[in-house]
Amino acid sequence: MRWFCAGILLFSSFAMAQFPGGPPPAKGPWSNPKLPPEERARLLVQAMTLDEKIQMVHGIGWFFGPDMSFTGQAPPPIVYRSNGGGGFIPGIPRLGVPDLQLNDAMVGSGGGARMGRYSTAMPSALALASSWDPDLAREYAALIGKELRDQGFNITLGGGMNLTREPRNGRNFEYLGEDPLLAGRMAAHYVQGKQSQGIVGILKHYALNHQESGRYFVNVRMPRKGARESELLAFEIAVKEGQPGSVMCAYNLYEGDYACENAYLLNEVLKKEWGWQGFVMSDWGATHSTVKAAVNGLDMEMPGDTFFGEALKAAVEKGEVPAARLDDMVQRIAWALFRAGVFDRRPQRQVPDIFRGFEVAQKAAEAGIVLLKNDRAILPLDPQMKGAIAVIGGHADAGVLSGGGSAQVDPAGGNAVTPPPPKPGSTLLDMIFGTPVYHRSAPLKAIQAMAANAKVSFHDGKDIAGAASLAKSAALAIVFAVQHTSEGKDLASLALPDRQEDLIAAVAAANPRTVVVLESGTAVKMPWLGRVAAVVEAWYPGIRGGEAIANVLFGRVNPSGKLAITFPKSEDDLAQPRLVEQPPARGPQDMGPMFPGGPAMLRVNTRQFDLEYPEGARAGYKWFQSMKREPLFPFGYGLSYTSFAYSDLRVDAARREVTFTLRNTGQREGAEVAQVYVQLPASAGEEFRRLAGWQKVTLKPGESRTVTVALHPLTLAVFDEKANRWDTPRGTFRVFAGGSSADTPLSGEMTLP
Ligand code: BGC
């Protein structure tokens, strides 16, 4: 380990020395840090020429790192100023505007391997959401923000928060679950964590980007009420409470207009109604026009200049785009930069603190692990146990799985598992997004270290009969099951792939003491659930995932994660989206080639289709409740090694607060995510409950605490489409408290004044 870290330090220092920093700090009235950011931005915009303004509102192209060998092109000189991240805007030395270095960083600073950079691979965002711990979200994001700075970046592209409406979406691992309050609040804390490090924070992909299939050309149709009460509510909470510097508009269309030129989404809702002062950045290649996009609220084209370079300059000169609108774009960008401290606190390149990274990554992994089943209290295992443990499958001898696409963090030391050769007919895109990457944190090793007196052996699970016979001879079998997901493709099914279902069934038949550990990017179907003794959902657990899993299995950590998404029994129970016009098949072939030259991808797949999500506001558990369908595991669910009792509910309607007593009735210290749901008065016509607040409380055995949960006002309101405003309905609200959306021992009522 020491050599491994020393290697990283050396390699990183070498890489750092190659790249000079940006231009020196400015001398101008806007450089006074005592002035408010909006004033500094105003002074800067005043001093700018038309060309300088145009330079600020677009990137310099699709390939912008000094290492462009894979494109076969010679880089233009300017790219040597770029840090090789996801995007680059050259600074303006005359005015002291620093180079803007953008990088993907939802679960860690991405794409570093080519640049010789190390960054901490954090557990997936869905794992973070499963912790239900906003303070942890801040700490997790601050760690990533610090590493971005250490690597010389000043704008993050990581802030994914599209609601999980479709569990087969390949990007759910990058997002924060299916509930608007949970996702919105976690995203708000996340973005503040990033911004605390002098990095411009972002939320994405705004909005209604719920699937990868057809993402470049799907026209999402959903009445405003449904959109406002689900996805847009999540963004509303996150934007208002998190105050991001930037919001990235999505690839898809909403009600006939691309998200990046959608006046309703950008101008009306985000900027006017929510009063937000930051800038809208397009997703990569999601800009489709100059005048329409500029007038309807887009402030920055990324990654190139097809529409916001010369074309925008000409449109401003002709008066097609008002000069004041261009000023507004730059004002918003400059505001975000000044506010985050990008002008004043220039990144000092340094090697990230690897050990601090390990600490936060492991803490987050442990907090997000969800214990789904634990028959006869088979877990936690006794670290003193003797006898044989069979560890089977999932490359548990090598590492832990991660999610693919732009949120991929390069594995320190390389992929722990040599990827299988590409399938015949695979595109470059399939290879980039489709290759499973394992981080070097082997659960097998962590289990061996924990259970020093046991005989721990490993079987890769490929020969199912062989794995079953090893399980039969052991006191206990632990099967690791993996589900790889990625940007760029959705899952055809929530079933575990590659005969892992058969493997689990065979091992469980051979040994009733079988524990399944899942490393998944989203929900998993479990036809084998009744046959196994325990199930631990570890998500993509990051660079210390093996250690975190072992700590939970052996009880050093008492699990406290709760599901941020519903696990359905079958895809048939999900709301079925309605495709209008010619639907392309679900799957990676919808994407079109992204290389070479990026924008080509927009020409390949231009066949638009309409997609209606019939559930509207009823995403996730709300759909299951209103259809009276039983999920496999409900939203908010998760077991602990101790137990909790809820009592004495009091509802304070005037303060919109709920108070109750929570008691640890078991033998171990543990944390409970105490959840409060509301059912609106009958006039709202809702046959489901809404999460209205929660608190995560740690209690010693026997300890009890009075818990007060404030109900978020927007979870008590309905969106009136005609009047275009939120209204709180009259009548009796029912209030419920408990340990999951489906287990609420306490209930009460309130009538709001
Ligand atoms: C993704 C964004 C990402 C961008 C830059 C796009 O394909 O949708 O989430 O930030 O690429 O890598």
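What are the residues whose amide H is under 5 Å from the amide H of ILE92, where those residues sit 5 or more places off or on another chain and H is modelled from the backbone? Those qualifying (amide H under 5 Å, at least 5 residues apart or on another chain) are VAL97. Once you keep just the Cα pairs under 8 angstrom separated by 6 or more residues, what percentage relative contact order results for region 369-553? About 33 percent, as a whole number. Residues SER683, SER124 in ascending order of nearby Cβ atoms (within 10 Å, fewest first): SER683, SER124. Just report the Cα centroid separation between region 132-171 and region 426-451, whole Å. Region 132-171 and region 426-451 have Cα centres separated by 20 Å. Note on LYS423 and GLU241: the model spin-label points, each 7 Å out from Cα along the C-beta direction, lie 4.1 nm apart. Remark: spin-label model distance SER469-LEU50 equals 8.1 nm, labels positioned 7 Å along the Cα→Cβ axis. Residues ASP283, ASP257, ranked from the fewest to the most other C-beta atoms within 10 Å, line up as ASP257, ASP283.
Region 209-286 and region 320-345 have Cα centres spaced 20 Å apart. Once the Cβ-Cβ distance of ALA449 and ALA495 is raised to the sixth power relative to R0 = 35 Å, the FRET efficiency obtained is 0.60.
Residues HIS439, HIS395, HIS459, ranked from the fewest to the most other C-beta atoms within 10 Å, line up as HIS395, HIS459, HIS439.
Using r as the Cβ-Cβ distance of ILE378 and GLU630, and R0 as 22 Å, what FRET efficiency do you calculate, to the nearest 0.05? Between ILE378 and GLU630 the formula returns 0.35. If I fit a long axis through the Cα atoms of helix 323-340 and take the longest principal axis of the Cα atoms of the chain, what angle between them do I get, 0 to 90°, rounded to 10? The angle comes out near 50 degrees. Between 0 and 90 degrees, the angle of helix 180-195 with respect to the longest Cα principal axis of the chain falls at about 60 degrees. Using a cutoff of 8 angstrom between alpha carbon atoms and counting only pairs six or more residues apart, the relative contact order for the chain works out to 14 percent. Model label points for GLU749 and ARG94, set 7 angstrom from Cα along the Cα-to-Cβ axis, are 7.1 nm apart. Roughly how tilted is helix 500-510, in degrees to the nearest 10 and between 0 and 90, from the longest Cα axis of the chain? It works out to around 20 degrees.
Too long at a 18 Å Cα-Cα cut-off: which of LYS569/LYS622; LYS271/LYS722; LYS225/LYS489?
Check vs 18 Å cut-off fails for LYS271/LYS722; LYS225/LYS489.
Answer rounded, prolate or oblate for region 639-751, using the Cα gyration tensor with square roots of eigenvalues a ≥ b ≥ c: rounded when a/c is under 1.5, else prolate when a/b is larger than b/c, else oblate. In terms of gyration-tensor shape, prolate. Maximal additional length on extending the LYS700-GLU273 stretch stands at 149.2 nm, based on 0.36 nm per residue less the C-alpha distance. Which of the three applies to region 308-429, rounded, prolate or oblate, going by the alpha-carbon gyration tensor with a ≥ b ≥ c and a/c under 1.5 meaning rounded? Here region 308-429 falls in the prolate category.
With R₀ fixed at 51 Å, the C-beta to C-beta distance from LYS569 to GLN350 puts the FRET efficiency at about 0.55.
Where does the chain land at 222 nm, in deg cm²/dmol rounded to the nearest 500, when only DSSP H runs of n ≥ 4 count, each adding -39500 (n - 2.57), divided by all residues? Helix-only estimate at 222 nm: -7500 deg cm²/dmol.
Coordinate-derived values only; no laboratory data. All values reported here derive from a predicted model rather than from experimental measurement. As a convention, Cβ positions derive from the backbone with ideal geometry for all residues, glycine included, and neighbour counts pool all protein chains shown.
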